Amino acid sequence: MKTLVSALLLGASLTLAQAQNYTFNLTPGQDGGGARTGSGGGLITLSGNTLSINGAFSGISGNWTADHIHGPGAPGINANVLYGLQTPYTTLNADQRSGTIIGSFSLVDNPGNPPSGFTIAQQLSQLDSGLWYVNIHSQTFGGGEIRGQILPVPEPSTLALIALSIGAGGWYIRRRRS
């Protein structure tokens, strides 16, 4: 019974360790500056091939028209749309210039329109390298008003979980031998 519990704890902690967090900070300067306005940001979690996004934006100069994840594109470099965030993820406020982006979707091979040609493995590499960005488009700036690179968040808690699992396994083996 103790072996089963230990194995389950180790498996659960390794599963938790596989989730990766990313952050994005939406600013007008990343989309070209000028008369652009607005701000926002959020958190993205990758678990397996599922991305979960939880973000918000406000203060854009024109009514919202669309929002997407673009890539691969380094800061200041434009890229094609990989994943649309409009329906059902974006909920606009009454002013049509602010809202939230909340939801989950699965990564797929060859996303985008036109199709990107990227496999899921290539997309994960791009994401981990900071080559994806969130872009909010408005009537005033159809090409994008605010933009934020999606950047990995270091996970010290993941390392702690793995160390705890290894330590618990070592303790159990040592106890079993004595």
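The values are calculated or read from the model by the stated rules, or taken from the named source; none is laboratory data. From a predicted model like this one, the values you see are computed outputs, not experimental measurements. All Cβ positions, even for glycine, are placed from backbone atoms using ideal geometry, and neighbour counts span all protein chains on display.
Observations, loosely collected:
- Count of the range 87-115 residues which are surrounded by 12 or more Cβ atoms within 10 Å (Cβ to Cβ) and in contact (Cβ under 8 Å) with a residue 40 or more places away in the chain: 10
- Lone unmet requirement of (1) loosely packed, with under 15 Cβ neighbours inside 10 Å; (2) modelled with pLDDT of 95 or more; (3) β-branched (Val, Ile, Thr) for residue 146: (1)
- Checked against (1) modelled with pLDDT of 95 or more; (2) of a type in the set (Val, Ile, Thr); (3) out of contact with any Gly (no Cβ under 8 Å at 6 or more places or on another chain), residue 100 meets all criteria but (3).
- Scanning the range 120-142 for residues that are within 24 Å of residue 95 (Cβ to Cβ), surrounded by fewer than 21 Cβ atoms within 10 Å (Cβ to Cβ) and touching a strand residue (DSSP E or B) at 6+ places or on another chain (Cβ under 7 Å) returns 139, 142.
- When residues of the range 98-148 are limited to those that are outside any loop (DSSP other than H, G, I, E, B) and of a type in the set (Ser, Thr, Tyr), the one farthest from residue 44 (Cα to Cα): 138
- Within the range 32-51, the set of residues being touching a Phe, Trp or Tyr at 6+ places or on another chain (Cβ under 9 Å), outside any strand (DSSP E or B) and under 24 Å from residue 103 (Cα atoms) comprises 38 only.
- Scanning the range 15-70 for residues that are modelled with pLDDT of 95 or more and of a type in the set (Ser, Thr, Tyr) yields 22, 23, 27, 37, 39, 45, 47, 50, 52, 58, 61, 65.
- In the range 17-72, residue surrounded by the fewest Cβ atoms within 10 Å (Cβ to Cβ) [restricted to those that are closer than 14 Å to residue 141 by Cβ and among the hydrophobic types (A, V, I, L, M, F, W, C)]: 35
- Filter result for residue 87 (at pLDDT below 95, in a loop (DSSP other than H, G, I, E, B) and farther than 23 Å from residue 151 by Cα): yes
- Contacts under 8 angstrom Cβ, first residue in the range 27-50 being in contact (Cβ under 8 Å) with a residue 24 or more places away in the chain, partner in a loop (DSSP other than H, G, I, E, B) and basic (Lys, Arg), 6 or more apart: 28/36; 38/97
- The range 142-163 residues that are within 16 Å of residue 131 (Cα to Cα) and among the basic types (Lys, Arg), paired with ones that are surrounded by 12 or more Cβ atoms within 10 Å (Cβ to Cβ) and at pLDDT 65 or above (beta carbon under 8 Å, 6 or more apart): 147/26; 147/27; 147/30; 147/31; 147/133; 147/134; 147/135; 147/136
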